Amino acid sequence: MRTTTLFLPIAASLVCASLGVAQMASFSEREPRYHLQPLDVMEVHYRFSPEFDQIVTIQPDGFVALLLVGDTRVQGLTLDQARHAIWEKAAQRLRDPEITLTLKEFEKPYFTVGGEVTTPGRFPMLGPVSPLQAIAMAGGFKTASARNSQVILFRRVGPDLAETQILDLRVDSGRASKELGSDLRTGDMLIVPQNQISKIERFIKLANIGAYVPLK
C-alpha cells in the first residue's frame, strides 16, 4: 500500500496509535468474529446454577450487570472472550462453573459512506458489498472533483482504533481491480475526499473520524 500525503483539513488532526501491527487485526483477516457492542442483548446460562441465569443488555458504557459477578465489561469482546471474562469472576464463587453465552439481539451488519457522494449515510449490509457497489448505493460520486482514485477506507481494529487504507475506485484506470472486488466488512466506513491526498496515518482513533471527517 502506497503512502500518500493528506491535504484535507483533517490532515493535522489524524492521530496515529503506536501499536504493533502484529498485535491487531489486518485488512487481510478472514471471517472475523462478531464483537459485542452496546445495546446488544445476550443470555448468560450457568449449567449447574440456573438461579443466576440472566438475559442482559450491554449498557452504553460497555458493561453488563450480572447477578453473580457484578458489573463486567464486555464491549469489544467476542462471545468466547466475554464468556471467559465472566467465568473468571464466577470461578471465585462457584466451583468449576459451566457458562454458556447466547447472543439474542445484535447490531445488524452495515457500512457507512460519506464525503463526496450524493446520498451519504449508513446502509444495511444484506450480502457481499464491494467498495464500488457501496459508492453506487450512496448515489455515486457527487462531483467531478471527487477523488475516486483515493477513497479512504476506515476499518475498526480495536475498541477505539481504526486502520485506514486508500482505495483506487477508478474503473477505467487500467490498474488491477483487486480493490473493486474486495468486499467490505460490517462497520466499515468509506470517505470520498474532495482534495488530493498525499499521506494518511495507517491507524487513527475512532473518535477522530466523526470529529474530523463528518458525513455530509
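The values are calculated or read from the model by the stated rules, or taken from the named source; none is laboratory data. Small disclaimer: the values here were computed from a predicted structure and weren't measured. As a convention, Cβ positions derive from the backbone with ideal geometry for all residues, glycine included, and neighbour counts pool all protein chains shown.
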Residues located in the stretch 112-163, provided they are under 25 Å from S198 (Cα atoms) and aromatic (F, W, Y): F141, F154
If we scan the stretch 123-130, do we find a residue that is in contact with a strand residue (DSSP E or B) (Cβ under 9 Å, 6 or more places away or on another chain), hydroxyl-bearing (S, T, Y), closer than 26 Å to F203 by Cβ and not assigned by TED's automatic domain parsing to the domain that holds Q54? no
I'd like the residue in the stretch 36-65 that is within 14 Å of T100 (Cβ to Cβ) and without any contact (Cβ under 8 Å) to a residue 40 or more places away in the chain and, out of all such residues, is surrounded by the fewest Cβ atoms within 10 Å (Cβ to Cβ). P50
Tell me, please, whether a residue that is surrounded by fewer than 17 Cβ atoms within 10 Å (Cβ to Cβ), at positive phi and modelled with pLDDT of 90 or more can be found in the stretch 130-150. yes
Matching residues, the stretch 43-72, being assigned to a strand (DSSP E or B) and out of contact with any Phe, Trp or Tyr (no Cβ under 7 Å at 6 or more places or on another chain): E43, V44, H45, Q54, I55, V56, T57, F63, V64, A65, L66, G70
Conditions first: (1) in a helix (DSSP H, G or I); (2) modelled with pLDDT under 95. Q75 passes all but one, so which condition is the exception? (1)
Among the residues of the stretch 71-89, is any surrounded by fewer than 16 Cβ atoms within 10 Å (Cβ to Cβ) and farther than 21 Å from H35 by Cα? no
Answer yes or no as to whether T100 is at pLDDT 85 or above, surrounded by fewer than 16 Cβ atoms within 10 Å (Cβ to Cβ) and on the phi < 0 side of the Ramachandran plot. yes
